[in-house]
Structures are given as structure tokens and as C-alpha cells.
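Computed from the coordinates by the stated procedures, all read-outs in this text should not be read as laboratory data. These numbers were taken from a predicted model, which means no experiment stands behind them. Cβ coordinates were reconstructed from backbone atoms using ideal geometry, including for glycine residues, and neighbour counts include every protein chain displayed.
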Amino acid sequence: MRFAVPRFMISEHPFPWLFPLIAMLLVFAVFPLAYNIYLSFHEFAIFKRSLVYVGWDNWIKLFNDTRLNNALFINTVYTVVCLTVQLVLGFLVAMLLDTDEKGFGVMRALFSLALVIPPAITGMLFKLMEDPQFGMVAWLLDKFNLLSRDVPILATPQLALIGVMIADIWQWTPFVTLIFLAGLRGLPKEPFESAMIDGASQWTVTTRFTIPMLSKVIAVVVLIRGIDLFRTFDYIFVMTSGGPGIQTYTLSFYTWKQFAASLKWGYGATLSLLALIIINVAASLLIKLAKIKW
Amino acid sequence: MYSLKARVLRIAVAWIVTLIMVLPIYYWVTVSIKRDKDVFTLPPKLFNFAPTADYFKAVLLDISPVQQSIESRGSLGFSGGGMSYMVPRLIDSMIIAVSSTVLVVSMATLAAFALSRLRFRGQHHFVYIVLSTRMLPPVAVAIPLFLTYKSIGLYDTHIGVILAHTMMNIPLAVLLLKSFFDDVPLEIDEAAIIDGATYWQIFRRIILPTMRTGIAATAVLCFIFSWTEFLFVLMLTATRLKTVPVATSAFVTSTGTQWGSLAALGVAALIPAFIFILLVQKNLVRGLTMGSLKH
């Protein structure tokens with residue numbers, strides 16, 4: 001004797017398979033999103049200790065908030081510079097390591113070491129190394145006459161952001177390298193061999209064959225790294241706390257400050273929605289243009 | 001094809017690059033076993049120092065440095081109080097990372113199976129929605145969760161953080177597992193269906209056993225991302241629990257940073273994660289790109 005199971009509960013129907021995921025997404029993605037939208041039309045009134053309706057105020061504030069402009073500028077610089085450096089360095093190192101020679105497997109394993117360190121701890125490590133009094137990086141820069149040790153990297157307005165970017169670049173270049181390495185491994189051998197026989201130089205082969213054939217890999221790296229770079233928070237939090245002044249306020253850090261320090265819950269939510277919109281639009285465009293598929 | 005000279009040169013350059021990459025980690029390890037007087041000195045002492053286990057003892061065994069002899073240490077000694085014992089924080093990290101990994105992998109294997117095997121309306125949109133949750137800035141989720149958790153009592157609890165980390169890792173797990181499941185040819189399903197198998201049986205008898213390594217790789221990455229996550233733990237916990245990345249702030253005191261203990265904790269936290277990642281080397285890149293690149 002069999003129970004009559006409703007049609008949507010049988011395993012041929014997608015519902016039972018997707019239900020846990022959908023429930024999770026509803027509670028932890030759709031609900032926060034809706035809550036954020038609700039919050040963006042309210043503001044926490046400290047004296048009343050409750051939320052009051054403020055209409056479009058928070059959204060209008062976005063357009064004449066100089067600190068937001070500053071944060072967007074810093075975010076753009078941070079994302080573009082880190083992404084460019086990581087792509088170039090990552091590609092060069094991948095070219096260097098792409099061989100079946102003995103010992104290179106160990107190097108590739110060592111490269112994955114950086115990926116498992118919590119970014120907050122990486123931030124602390126580089127804070128120590130960039131310390132003007134006893135930091136190794138500061139000492140090396142001084143030795144090579146690039147930067148005097150009298151200049152504290154993370155406390156100088158023009159240098160603080162670079163100091164943070166060094167940590168990011170150190171930690172995530174290996175990530176790019178590993179992905180490019182896999183990409184290089186997947187390339188067919190024939191075009192390269194025939195190009196070499198025709199007497200093409202290494203440079204020509206790299207720019208005319210390797211890079212174009214890796215275009216999809218590059219697009220995926222730009223997408224994943226770009227999203228993460230635009231959301232940068234950990235390094236800023238532990239290395240500079242946004243300082244000196246507001247020189248290293250990224251959008252995420254500014255949002256967090258508005259929320260946690262200024263208790264501007266409504267404006268914080270509005271800022272986080274802005275970040276979401278920017279990332280979503282940019283990422284969707286990239287996915288469309290580069291035809292990245294899942 | 002290349003001359004011996006070129007090969008040797010390449011090996012040399014590759015090792016130099018690798019060593020430069022590893023140098024900060026090596027330096028961090030030395031900080032964890034160096035006395036303060038050897039840390040606060042230039043040129044940096046990379047080899048010529050007398051190692052000490054004081055910091056590891058303080059962080060892992062709760063042997064307070066006060067009990068250890070004073071004169072054996074540098075002039076600066078330990079700054080701040082004796083809040084260096086970090087095993088409870090490592091346990092918190094472990095509970096959170098393991099539980100959220102189990103949750104996310106069980107949910108994601110089911111969903112990935114449906115996305116890989118069944119055909120239904122709006123499937124591509126669904127995949128895209130899952131992907132777009134990866135684009136949510138953590139702050140955007142953390143603010144509403146903080147306020148909600150406060151009012152329903154999940155604030156500062158393990159469950160609260162576990163659920164947040166589960167959410168964070170869902171897009172990675174679903175997309176990656178889908179890419180693994182797509183590797184199993186559909187003909188196998190068809191043959192099984194002709195033999196009278198249901199989709200549940202295909203899942204249990206065919207997909208799960210053949211995709212064990214893929215699921216393991218997914219689990220490892222989810223574990224690592226939870227293990228290293230910072231913002232959710234920062235915003236959703238207060239005093240009862242802390243994971244390692246946030247716990248490091250305990251070493252940053254008003255009288256200075258306890259670099260030795262901080263480095264010891266960092267090294268202790270690095271080891272399990274590194275072992276895990278070595279176990280999945282083969283599928284690492286596929287995981288890091290959420291399954292969009294397979295080789």
C-alpha cells in the first residue's frame with residue numbers, strides 16, 4: 001500500500017531539492033534586502049531610541065555627501081590598482097611556473113599558503129612589517145633609498161592606501177597565479193608549436209596567442225577579484241581604521257562606520273544598497289560581455 | 001627545447017619569486033617564537049635569534065607569561081593583561097566553520113543536483129539569483145541580521161554566526177557542485193531511469209558516490225572561507241564567542257600590540273586550513289572560480 005504523495009514532493013519535481021536552499025535564500029538574502037530597503041527610508045533617532053520615517057532623505061543625501069564621493073573614489077583606486085597589479089603579476093608568475101620541471105609542484109603548493117590566512121591577520125602582519133621603527137618592509141624601502149624610515153607608511157595620507165594595497169596584493173596575487181596556471185595548463189599545444197616553428201618571438205606568442213586564448217580566464221578573475229576588491233573591509237579595519245583622516249575609507253568601511261559608530265542605521269543601509277547596486281550592475285555587464293557561464 | 005642555462009635560470013627565478021612570496025609568512029612564524037627584543041630590532045632577525053615557546057604556551061596552554069621567568073625575556077616583556085589563552089576561540093572557530101560547512105554542503109548538494117539534472121522553468125534565472133547573492137556586500141546582510149538577531153536573541157550566539165556563514169558560502173557551494181555534477185554524463189541518468197530508478201536513487205547511488213572528491217573540495221573551501229571570515233563575526237558577536245580573525249584584536253591593547261601572541265595565534269590558525277587546502281589541490285582552482293573554469 002502506498003501513500004499518495006503530492007506531485008510536487010516526488011523526486012522528479014525540483015521543489016523538494018530546492019526547498020532548503022530557497023528557504024535559506026528567503027531568510028538570509030531576500031529578507032535582509034527588504035529590511036535594508038525599509039531601513040533606507042528610516043533613520044534611527046537616538047533620543048527616541050527608535051526608527052523614524054524620513055522618506056527619501058537618505059537617498060537624496062547620497063548625492064551631496066562628500067565623504068561618499070571620497071569613499072567611491074578610494075574604492076575605485078583600490079579596485080583598479082589592485083586588480084591591475086594582481087593580473088599582471090599573477091600572469092607573469094604563472095608563465096614562470098607553468099612547466100613540468102621537478103620542484104615546481106612544491107612552489108605551486110606554497111603559493112596556496114597565502115589563501116588560507118585570514119585577511120584580518122594578513123593586515124596585522126603587514127601593519128607590523130610596515131611599521132617605521134621595526135618593520136621589515138619599511139626597512140627594506142629605506143635600504144634601497146625608496147622611502148625614508150621617518151615616513152610612517154600607514155599614517156601618511158598619500159601612502160596609507162598604498163600600504164593597505166600591498167597587503168591585498170601580497171595575499172591575492174597567488175590566487176590569480178593559481179587560476180592562470182590552470183588556464184595555461186588547459187591551452188592546446190599545437191598553435192604554440194607551429195608559431196615557434198614559424199619563428200615567432202616569445203613576446204608575439206604571448207600577446208597574440210596566450211593572452212587572447214586566456215580571455216575567458218581573465219574575465220573570471222576580473223569578476224571574482226573585482227567583487228571582492230570592491231567590498232574590501234578587513235584590511236582597512238585592522239591596518240588604518242580608515243585613517244589618516246578619511247584617506248582609506250572604502251565604501252564598506254564607511255558604511256560600517258555610519259552604522260556602528262554614528263548609529264545612522266538608515267543611511268548605513270542606504271549605502272550598502274548603493275554598493276549592492278554598483279556591484280550587481282558591473283558584474284552583470286561583465287558576465288554578459290564576457291559570456292561567462294555556469 | 002630550452003638550453004640547460006635557460007632551465008637553470010628559470011628554476012632560480014621561480015624559487016626567488018616563491019621565497020619572496022613566502023617570506024612574510026616565514027617572518028610571521030619567527031615573530032611567534034622570538035622575544036620582543038628580537039622583534040623590535042632592525043635589520044630584522046630572520047635566523048639569528050634564540051627561539052622561545054612562551055607565546056605558544058600562553059596562547060595554547062594558558063601558561064601565563066608572568067609565571068615564566070622575567071629576565072629570560074626582552075626588556076619590553078609582555079604588554080597588556082593575561083588574556084592570551086586562545087583555545088576557546090579556536091574551538092569557537094572550529095564549531096562555526098564545521099557546522100556552517102555541513103549545513104551549506106547538504107543544502108547545496110540537493111540544490112546543485114536539481115540544477116544539474118532536472119529541467120524546469122526559470123532555471124537560468126535561479127542560477128543567476130544564486131550567483132548574485134555572491135555580490136551582496138557583507139555589510140548589506142550584516143546590518144539587517146544584527147538588528148533582527150538582537151530582537152530574536154540570536155545575537156552573540158554560535159547559531160547566528162553559523163547561519164550567516166552558511167548564507168555567505170551558498171553561492172560558491174551551489175555553483176561549484178553544479179559544475180561537478182555536470183561532469184557526470186546524462187546518458188547514465190537515462191540508463192538508470194530506463195531501469196526504473198527514481199531521481200532520488202540516481203542522486204544517492206550515482207552522483208554522490210562518484211562526486212565524493214568534488215564535494216570534499218567544496219567543503220574545504222567553505223570551511224576556509226568561514227575560518228577566515230571577519231565582518232559577520234565582528235558585527236554579530238559581542239563577548240560570548242569570537243572566531244580567530246576577530247579574536248586577534250584582543251592582542252591590540254592600549255599599551256601596545258602583543259605581536260608574539262598574535263603571531264602564535266595566526267600560525268596556529270594557519271596550520272589546519274593549510275592542511276585542508278593541500279588535500280584538495282587538484283580541484284582548488286575550479287573551486288576558487290566557483291566552477292566556472294574546469295580543466
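Length gained on full extension, A:PHE8 to A:LYS102, computed as 0.36 nm times the residue gap minus the Cα-Cα distance: 28.3 nm.
Shielding of peptide A:6-16 by partners, expressed as the average count of other chain Cβ atoms within 10 Å per residue Cβ, is 4.
For A:ALA45, the residues whose modelled amide H falls within less than 5 Å of its own, excluding neighbours fewer than 5 places apart on the same chain, are A:SER50, A:LEU51, A:VAL52. Centre-to-centre, using Cα atoms only, the stretch A:17-53 and the stretch A:157-204 are separated by 41 Å. What the phi angles of the stretch B:279-293 give under the Karplus curve with 6.51, -1.76 and 1.60, with θ = phi - 60°, is a coupling list of 5, 10, 2, 4, 9, 4, 5, 4, x, 5, 9, 6, x, 7, 10 Hz, glycine and proline written as x. The alpha carbons of the stretch B:172-295 give a radius of gyration and a Dmax of 20.5, 73 Å, in that order.
Restricting attention to chain B, the count of lysine pairs at 8 or more positions apart or across chains with alpha carbons under 24 Å apart stands at 10. With Rh defined as the Kirkwood radius, the inverse of the mean 1/r over Cα pairs, the Rg/Rh of chain A is 1.07. One chain, two ends: B:ASN48 and B:ASP182. Fully extended at 0.36 nm per residue, the span grows by 42.8 nm beyond their Cα-Cα distance. Separation of the stretch B:108-165 and the stretch B:1-25, taken as the distance between their Cα centroids, equals 43 angstrom. Annotation for the stretch A:1-69: chymotrypsin sites (Phe, Trp or Tyr not before Pro) lying in DSSP loop with at most 14 further Cβ atoms inside 10 Å of their Cβ are A:PHE3, A:PHE47, A:TRP56. Of the chymotrypsin sites (Phe, Trp or Tyr not before Pro) found in the stretch A:84-126, none is in coil by DSSP with at most 16 other Cβ atoms within 10 Å of its Cβ. Listed values for the stretch A:44-54 are Karplus-derived 3J(HN,Hα) couplings in whole Hz (6.51 cos²θ - 1.76 cosθ + 1.60, θ = phi - 60°), namely 6, 8, 4, 6, 7, 6, 8, 7, 10, 6, 10, and x replaces Gly and Pro. Cα gyration tensor of chain B, axes a ≥ b ≥ c as square roots of the eigenvalues: rounded (a/c below 1.5), prolate (a/b > b/c) or oblate? Here chain B falls in the oblate category. Here the ratio of the Cα radius of gyration of the protein assembly as shown to 2.2 N^0.38 Å is 1.02. Placing dummy labels 7 Å off each Cα toward the beta-carbon, the span from B:LEU279 to B:ILE63 is 3.0 nm. For the stretch A:80-179, applying the loop criterion from DSSP together with a ceiling of 15 other beta carbons within 10 Å to the trypsin sites (Lys or Arg not before Pro) yields A:LYS102. A straight line joining the Cα centroids of the stretch B:253-268 and the stretch B:204-251 runs 23 Å.
Residues in the stretch A:231-248 carry Karplus couplings, in order, of 9, 3, 9, 4, 4, 4, 4, 8, 8, 10, 6, x, x, x, x, 10, 5, 10 Hz; the curve used is 6.51 cos²θ - 1.76 cosθ + 1.60 with θ = phi - 60°, and Gly or Pro positions show x.
Taking Cα pairs under 8 Å and at least six residues apart, what relative contact order does the stretch B:198-279 come out at, in percent? Provide the component values of the computation, followed by the final result.
Values: 27 pairs, mean separation 21.0, N = 82.
Reported as a whole number, the value is 26 percent.
What's the FRET efficiency of A:PHE31 with B:TYR128 using the Cβ-Cβ distance as r and R₀ = 22 Å, to the nearest 0.05? Given R0 = 22 Å and the Cβ-Cβ separation, E is 0.70.
Using the Kirkwood formula over every pair of different C-alpha atoms, what hydrodynamic radius in Å results for the stretch A:13-65?
For the stretch A:13-65, the Kirkwood estimate is 13.5 Å.
Across the stretch B:4-61, C-alpha contacts under 8 Å between residues 6 or more apart give a mean separation that, scaled by the residue count, equals a relative contact order of 28 percent.
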